[in-house]
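One structure is given below, encoded as structure tokens.
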Amino acid sequence: MAKLISLTLGSTHFCFVIYIAYLIATSSDSAAVNAWLLFIPMDFPISLGLFPISYLLDGNILLNPRDSNGIHSIFRDINNFWLPAIYFGVVGSLWWYFLPKLIVKFKNKLVPELKGNSQV
């Protein structure tokens with residue numbers, strides 16, 4: 001049962017990341033990239049790992065977000081599109097896949113200890 005729940009939560013999270021990436025990519029509003037902020041409380045505490053990675057990786061060195069005409073392209077923006085999409089898509093989905101398993105493991109460890117203490 002826990003495996004089915006894990007697969008459901010992980011795949012649902014991954015589909016939600018794909019949906020948000022689609023909305024950001026098709027939006028004409030430059031503030032649409034703020035939609036990634038939805039995942040910070042949703043994937044907490046794993047989401048906090050994005051901050052040191054984005055601090056260490058400067059996407060402008062790898063690929064300028066502006067094309068040769070000087071027009072900003074979201075598909076060329078590593079820091080505001082690709083890094084959050086990959087991080088939340090992979091790490092966040094794995095977090096939601098393993099979270100039910102961690103809860104079951106914690107519950108199985110905690111419940112026998114509680115039963116043992118109540119018999120004293």
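All of the numbers you see were taken from the coordinates with simple rules; none came from a lab. Quantities reported herein were computed from a predicted structural model and do not represent experimental measurements. Virtual Cβ from ideal backbone geometry, glycine too; neighbours counted across all protein chains shown.
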Isotropically averaged projected area of the range 1-41, using the convex hull of Cα atoms (one quarter of hull area), nm²
3.0 nm²
For the pair MET1 and VAL91, what calculated FRET efficiency results from E = 1/(1 + (r/R0)^6), where r is the Cβ-Cβ distance and R0 = 35 Å, to the nearest 0.05?
0.90
Ordering 88-100, 26-38, 10-22 by per-residue average of other C-beta atoms within 10 angstrom, highest first, gives 88-100, 10-22, 26-38
Point-to-point label distance, PHE51-LEU23, nm (Cα→Cβ direction, 7 Å offset)
2.4 nm
So, R0 is 25 Å and r is the distance between the beta-carbons of LYS107 and LEU38; what FRET efficiency does that work out to, to 0.05?
0.30
